[in-house]
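The values are calculated or read from the model by the stated rules, or taken from the named source; none is laboratory data. Nothing here was measured: the structure is a model prediction, and the numbers come from that model. Ideal geometry is used to build each Cβ from the backbone, glycine not excepted, and the neighbour counts take in all protein chains shown.
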Amino acid sequence: MSSIVVDPGRFFAAAFNEGVYYSDDNGVNWTNLDFNNSLPIPVFLLMVYENDLYVASQGVHIYNGNLNYVGTCGLEDKYVCNLLVKDNYLFAGTNADGVWKIPLSGLSVESDFLSDKLSLQAYPNPFNPSTMISFNLPNSQQIKLAVFNAKGQLVKTLFSGVMSAGCHTIRFDGSNLSSGIYFYRLSTQGSAQTKKMILMK
């Protein structure tokens, strides 16, 4: 067990690279949150702040008070080993990559975070050799759409700049890549969402 944290009436425990669990009966029974269940990555630390669960892993991941996974606030290309909230900032200490911070005002962990508003998805998924990544923007804003490999390394930036409100579709071509799991990440002003896709050749 790499981390244990107690929220009023609920226990959380991280089993390093075997997932995140919670118990509502003082540890008698445990339920798996299915955190990155299909691609186990290490979990170094759990933190509860204002009823939301923050998971320090390959990046910083967030669950809301209803235990719904609502997204990541970045650093997917780094191993985050420690978290701290101070002076309205979330600080993240990494393994050999320094300490980073993000204003808490830029984080939203409502249940509809990005999934309902942006409708981010890739189709087909699995794909070979290309897939279409679609999303919806409620207003014109600065965005970035990028693809990462399973190690969190940037594979390609598909778009970076200002995009108008409405539905958009961007093609990702994986012809020059090997089969495997990839992640596509949409970053907007103050929030971000990452989803998985599979290239099968």
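(1) basic (Lys, Arg); (2) surrounded by 15 or more Cβ atoms within 10 Å (Cβ to Cβ); (3) in a loop (DSSP other than H, G, I, E, B): which one isn't true of Lys195, the others all being true?
The one condition Lys195 does not meet is (3).
Need a quick list: strands (runs of 3 or more DSSP E) entirely within the range 9-95 having at least 2 residues that are modelled with pLDDT under 80, crowded, with 16+ Cβ neighbours inside 10 Å and not assigned by TED's automatic domain parsing to the domain that holds Lys151.
On the way: elements: 10-14, 20-23, 45-49, 52-57, 59-63, 69-72, 80-86, 89-94.
Answer list for the range 9-95: 69-72.
Under 7 Å by Cβ, and 6 or more places apart or on different chains, what pairs join a residue from the range 143-156 that is at positive phi with one that is surrounded by 13 or more Cβ atoms within 10 Å (Cβ to Cβ) and outside any strand (DSSP E or B)?
Here the result reads Gly152/Glu76; Gly152/Asp77, each pair linking the range 143-156 to a residue that is surrounded by 13 or more Cβ atoms within 10 Å (Cβ to Cβ) and outside any strand (DSSP E or B).
Restricting the range 129-165 to residues that are in contact with a Gly (Cβ under 8 Å, 6 or more places away or on another chain) and in a loop (DSSP other than H, G, I, E, B), which is surrounded by the most Cβ atoms within 10 Å (Cβ to Cβ)?
Selected residue: Gly152.
Just to be sure, is Ser178 part of a loop (DSSP other than H, G, I, E, B), at pLDDT 85 or above and more than 22 Å from Asn68 (Cβ to Cβ)? I'd like the intermediate steps shown before the answer.
On the way: part of a loop (DSSP other than H, G, I, E, B): yes; at pLDDT 85 or above: yes; more than 22 Å from Asn68 (Cβ to Cβ): yes.
Yes; evaluated as a whole, the condition is true for this residue.
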